[in-house]
Amino acid sequence: MSHHFLAMLHRMRYISRWSLMRNTQSENIQEHSLQVAMIAHALAEIRNRQLAGPRPPVDATQVVLLALYHDAAEILTGDMPTPVKYANPAIRDAYKAVETVAAEKLLSLLPDGLEPAYRPLLLPDISEPQIAEAVRLVKAADRISAYIKCMDEEKAGNTEFRQAGETVRKKLDAVAGALPEVAWFMRELLPSFALSLDDLS
């Protein structure tokens, strides 16, 4: 019997992000998920190594895995634009329910013996404090990734992303107030994303 889970994940590359906006360069959820995983890993390591203190450390491996799969349900639902998804609580809650059904469908494509390994990644139990904290870092990384996309588009002369960038930056500033690792990332690492290749060399 064939099990189609990984073949379905392979189709992440066909799901475009920012579909309501003119893009100079398209972005799909597969490449987005890799960037979110790298940023989330950096946030975890910044917390554990640069800002070690009274807060408990996070499991960096768990953070990376949650980031890799954070948009997996969108293979079946597509990427709903943020202004639509959060237009009102009814739409937000309905879409969350649809995402849960989609995640369950993906999990059903696994052999029974592997399903328990993937369930916590597609449907994390945020009632557990350690998992909730890891999910917070993934959400912060997701927002940073969105801001970098806005930076890239504006750098390419696309003013379509200017307002989105301002909105995402305000949200990031609020997140940075609660998560010092996000503030550290924005201060020490984010400015480099605005540089040219020559400037980075």
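Report whether or not residue 108 is hydroxyl-bearing (Ser, Thr, Tyr), over 25 Å from residue 6 (Cα atoms) and either surrounded by fewer than 15 Cβ atoms within 10 Å (Cβ to Cβ) or at pLDDT below 95 (or both). No; evaluated as a whole, the condition is false for this residue. Taking (1) at pLDDT below 95; (2) crowded, with 17+ Cβ neighbours inside 10 Å in turn, residue 54 satisfies each apart from (2). Taken together, the criteria place residue 174 among residues that are farther than 17 Å from residue 38 by Cα and either basic (Lys, Arg) or under 19 Å from the mean Cα position of the chain (by Cα) (or both).
Exactly one residue out of 95, 69, 147 is surrounded by 15 or more Cβ atoms within 10 Å (Cβ to Cβ), of a type in the set (Phe, Trp, Tyr) and more than 25 Å from residue 22 (Cβ to Cβ), and it is 69.
The single condition among (1) under 20 Å from the mean Cα position of the chain (by Cα); (2) under 30 Å from residue 195 (Cβ atoms); (3) not small (Gly, Ala, Ser) that residue 154 does not meet is (1). Just name the residue that is farthest from the chain's Cα centre (by Cα) out of those in segment 1-13 that are assigned to a helix (DSSP H, G or I) and either among the small types (Gly, Ala, Ser) or farther than 20 Å from residue 107 by Cβ (or both). So the residue we want is 7.
Here is the figure for segment 6-51: residues that are of a type in the set (Phe, Trp, Tyr) and either buried (at least 18 other Cβ atoms within 10 Å of the Cβ) or under 15 Å from residue 149 (Cβ atoms) (or both) total 1.
The values are calculated or read from the model by the stated rules, or taken from the named source; none is laboratory data. The structure displayed is predicted, hence computed values, not measured ones. All Cβ positions, even for glycine, are placed from backbone atoms using ideal geometry, and neighbour counts span all protein chains on display.
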